[in-house]
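First up is the structure itself, then whatever we jot down about it.
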Amino acid sequence: MITLTLEQLFNELILVTNNPSDFAAFMHKYSIITDKIKGVGPLGGINSALYHCSTEAIFVVPCDMPYVNKELIEKQIEFFNNTDCDALIPRMGSFIEPLHAIYKKSIFTTLQSFLNETKDFRIRSFLKLIHVQYMEMEDNELTRQAFTNINTQEDYDRIIA
């Protein structure tokens, strides 16, 4: 389960949702917060997590990525700790995964301004404003599986088959 893997790696877990009552069962274990700025997509969740976190950086993963891999995240953390950047984004060739990434808390003000001043809420657009380091990932089954999202019934049916 995704939360068990994350609990092994991090002392603080923040769940960002606009429906906190759906996660009432987790309120005793995790901080459950809502978007500070609504209607701006995943950047709104990152913004809220940065605002509420007590650490220098956050690891971001969406709840629709069921194959979170502890070793992969540990490699990202090690790479991040040895790199001077605002965000560490994994990349396989031309594919990037900004929702399996590490962001420094120090970008909060830049992100807040971006969200307040634009109508372009794409993560890729925001990444142009900060110092991003891309971590080349091996294009293999393990990495592709770790970056798998479940967005439709067909996606779900495919992974349980």
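The values are calculated or read from the model by the stated rules, or taken from the named source; none is laboratory data. This structure is a prediction, so every number in the text was calculated from the model and none was measured. Glycine also receives a Cβ, built like all others from the backbone with ideal geometry; neighbour counts cover every protein chain displayed.
Per-structure values
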| item | result |
| --- | --- |
| Residue, nearest to Ile58 (Cα to Cα), within the stretch 127-161, restricted to residues that are assigned to a helix (DSSP H, G or I) and among the charged types (D, E, K, R) | Arg144 |
| Looking only at the stretch 91-126, and only at residues there that are in a loop (DSSP other than H, G, I, E, B) and basic (Lys, Arg), the one that is modelled with the highest pLDDT | Arg122 |
| The stretch 140-161 residues that are under 14 Å from Glu71 (Cα atoms), paired with ones that are in a helix (DSSP H, G or I) (beta carbon under 6 Å, 6 or more apart) | Ala146/Leu72 |
| The one condition in (1) touching a His at 6+ places or on another chain (Cβ under 8 Å); (2) of a type in the set (Asp, Glu); (3) surrounded by 13 or more Cβ atoms within 10 Å (Cβ to Cβ) that Asp84 fails to fulfil | (3) |
| Selection count, the stretch 77-128, where residues are within 23 Å of Phe10 (Cβ to Cβ) and without any contact (Cβ under 8 Å) to a residue 12 or more places away in the chain | 3 |
| Residues that are in contact with a strand residue (DSSP E or B) (Cβ under 9 Å, 6 or more places away or on another chain) and either at pLDDT 95 or above or polar (S, T, N, Q) (or both), drawn from the stretch 141-161 | Thr143 |
| In the stretch 67-90, the residues that are in contact with a strand residue (DSSP E or B) (Cβ under 7 Å, 6 or more places away or on another chain) and not in a helix (DSSP H, G or I) | Thr83, Cys85, Asp86, Ala87, Leu88, Ile89, Pro90 |
| Matching strands (runs of 3 or more DSSP E) fully within the stretch 3-66 where at least 3 residues are touching a residue at least 40 places away in the same chain (Cβ under 8 Å) | 57-60 |
